[in-house]
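Working notes for the structure below.
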Amino acid sequence: MPGCRILTDSGIEGFGYTGTHARLASDKLLTSCIGEVFGPLLIGEDPRKPDALYKKLSSDPPTHWIGRAGVTQMALSAVDLALWDIKAKDARVPLWQLLGGNPANKIEAYNTDCGWLDRPLDKLVDDCRKMIEEEGFSAVKMKVGKADPQEDFKRVEAVRKGIGAEARLMVDANAKWDLPVALEWCHRFVNFDVTWLEEPLWHDDVQGHASLAEAIETPLALGESLYSVDHFKEFVLAKALHYLQPDASRCGGITGLLQVADLGLEHGLPVSPHHGDMMQAQIHAVISHPACNQLEYIPWTLHCFEEPVSVRDGIYQIPQSPGAGTTLKSDAMEAHGIRL
Ligand code: MG
């Protein structure tokens, strides 16, 4: 989990991070970009101006030649998150309050941690059912993309039967299909009342997603592999998606996520951020933006944070501590070998 800790002369520390799940050379590239490219540009700046610093870090260093996506944008995401954390800590309020959020907003958590592709069918169905019947969630997401699409549809059918007709079910292919396969199979999702089909095709295939969106009734969702509002705009203008799923740890931090949320609002499309180990900060943006009312839930990293997000009966509890919720516990940093 590469990230950054920004220290200020007033003693406030801001935490932000991004991630690849790779822990190898790619993480080194990210920390190098944060420390060597963006770090020097922050010295002497006012950290309470994340919008202005986002503009500076996006335009001053000539990073557009080495990537307007991927490493540079993920590194910028970590820095932006830390700056918003500082701004909210300096104002002594939780970030959602700084962003004008209404604490009465009910933010739904939908659970993905019961629907992994490698789960045997019986366990998949049982785990999804438990989330709905015992844990209080009203929506779950399951993965598809088995070698034989027929197996996927047996699994979707079994999960729908297991969770009942009322619960919402999302399906995520993680870009495993190509257009001919998707066109042959995906019209079947409507039989199982699937709320959205996520990332059916390769991440950059705008035209393919547009063709699929036109051919099937099930709405399309994507965005976890897009890196800026410009990328989202291409899909939106091509009518290639229905749910926008930005990830603050990849698409430019809180600043980038809010730009994508504004785009969704402008086009009347709901925004449902991807988890990306970043529920901690994203919950603040979701509470504060009218295009958002739900957030993915995968509780893998909660033990690492001073104030982990919590969910009760399928609803996110409103964070109360000052900041963006990204402050890492020192023992978690030690245990995971995190050096910020
Ligand atoms: Mg996904």
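Within the stretch 299-316, residues that are touching a residue at least 60 places away in the same chain (Cβ under 8 Å) sit with their Cβ atoms under 6 Å from residues that are β-branched (Val, Ile, Thr), at 6+ positions apart or across chains, in these pairs: 316/107; 316/283.
Residues that are exposed (fewer than 14 other Cβ atoms within 10 Å of the Cβ) and touching a residue at least 12 places away in the same chain (Cβ under 8 Å) within the stretch 1-27 comprise just one, 10.
Do we find that residue 289 is on the phi < 0 side of the Ramachandran plot, modelled with pLDDT of 95 or more, crowded, with 23+ Cβ neighbours inside 10 Å and away from the ligand (no atom under 14 Å from the Cβ) in this structure? In short, yes. Scan the stretch 291-328 for residues that are in a loop (DSSP other than H, G, I, E, B) and under 20 Å from residue 139 (Cβ atoms) and report the count. The total comes to 11.
Filtering 6, 34 for residues that are within 26 Å of residue 305 (Cβ to Cβ), touching a Pro at 6+ places or on another chain (Cβ under 9 Å) and not in a helix (DSSP H, G or I) leaves a single hit, 6. Of the residues 47, 61, the single one that is in contact (Cβ under 8 Å) with a residue 12 or more places away in the chain, surrounded by 13 or more Cβ atoms within 10 Å (Cβ to Cβ) and closer than 18 Å to residue 9 by Cα is 47.
Applying a threshold of 6 Å to beta carbon distances and a minimum spacing of six or more residues, or different chains, the list of pairs starting in the stretch 172-184 at a residue that is in the same structural domain as residue 144 (by TED's automatic domain parsing) and ending at one that is within 14 Å of the ligand (Cβ to nearest atom) and not in a loop (DSSP other than H, G, I, E, B) reads 172/141; 172/143; 172/198. In the set (1) over 13 Å from residue 157 (Cα atoms); (2) within 16 Å of the ligand (Cβ to nearest atom), residue 178 fails one condition alone, (2).
Meeting the requirement of 3 or more residues that are closer than 28 Å to residue 104 by Cβ and outside the structural domain of residue 70 (by TED's automatic domain parsing), the helices (runs of 4 or more DSSP H) wholly within the stretch 194-289 are 253-266, 279-288. Screening 160, 188 for residues that are within 23 Å of residue 298 (Cα to Cα), in a helix (DSSP H, G or I) and more than 16 Å from the ligand (Cβ to nearest atom) leaves exactly one candidate, 160. Here's a check for you: in the stretch 130-170, which residue that is closer than 13 Å to residue 119 by Cβ and of a type in the set (Lys, Arg) is surrounded by the fewest Cβ atoms within 10 Å (Cβ to Cβ)? Filtering the stretch 130-170 for residues that are closer than 13 Å to residue 119 by Cβ and of a type in the set (Lys, Arg), the one surrounded by the fewest Cβ atoms within 10 Å (Cβ to Cβ) comes out as 146.
Among the residues making up the stretch 241-271, those that are within 16 Å of the ligand (Cβ to nearest atom) and surrounded by fewer than 24 Cβ atoms within 10 Å (Cβ to Cβ) are 242, 243, 270. Going by the structure shown, is residue 100 surrounded by fewer than 16 Cβ atoms within 10 Å (Cβ to Cβ), on the phi > 0 side of the Ramachandran plot and in contact with a helix residue (DSSP H, G or I) (Cβ under 9 Å, 6 or more places away or on another chain)? Against the criterion (surrounded by fewer than 16 Cβ atoms within 10 Å (Cβ to Cβ), on the phi > 0 side of the Ramachandran plot and in contact with a helix residue (DSSP H, G or I) (Cβ under 9 Å, 6 or more places away or on another chain)), residue 100 qualifies.
In the stretch 46-67, what residues are under 15 Å from residue 255 (Cβ atoms) and not aliphatic (A, V, I, L, M)?
Within the stretch 46-67, 47, 48, 49, 50, 51, 54, 55, 56, 58, 59 qualify.
The values are calculated or read from the model by the stated rules, or taken from the named source; none is laboratory data. Everything quoted here is computed from the prediction, not taken from an experiment. Don't worry about glycine lacking a Cβ; one is built from the backbone with ideal geometry, like all the others, and counts go over all protein chains shown.
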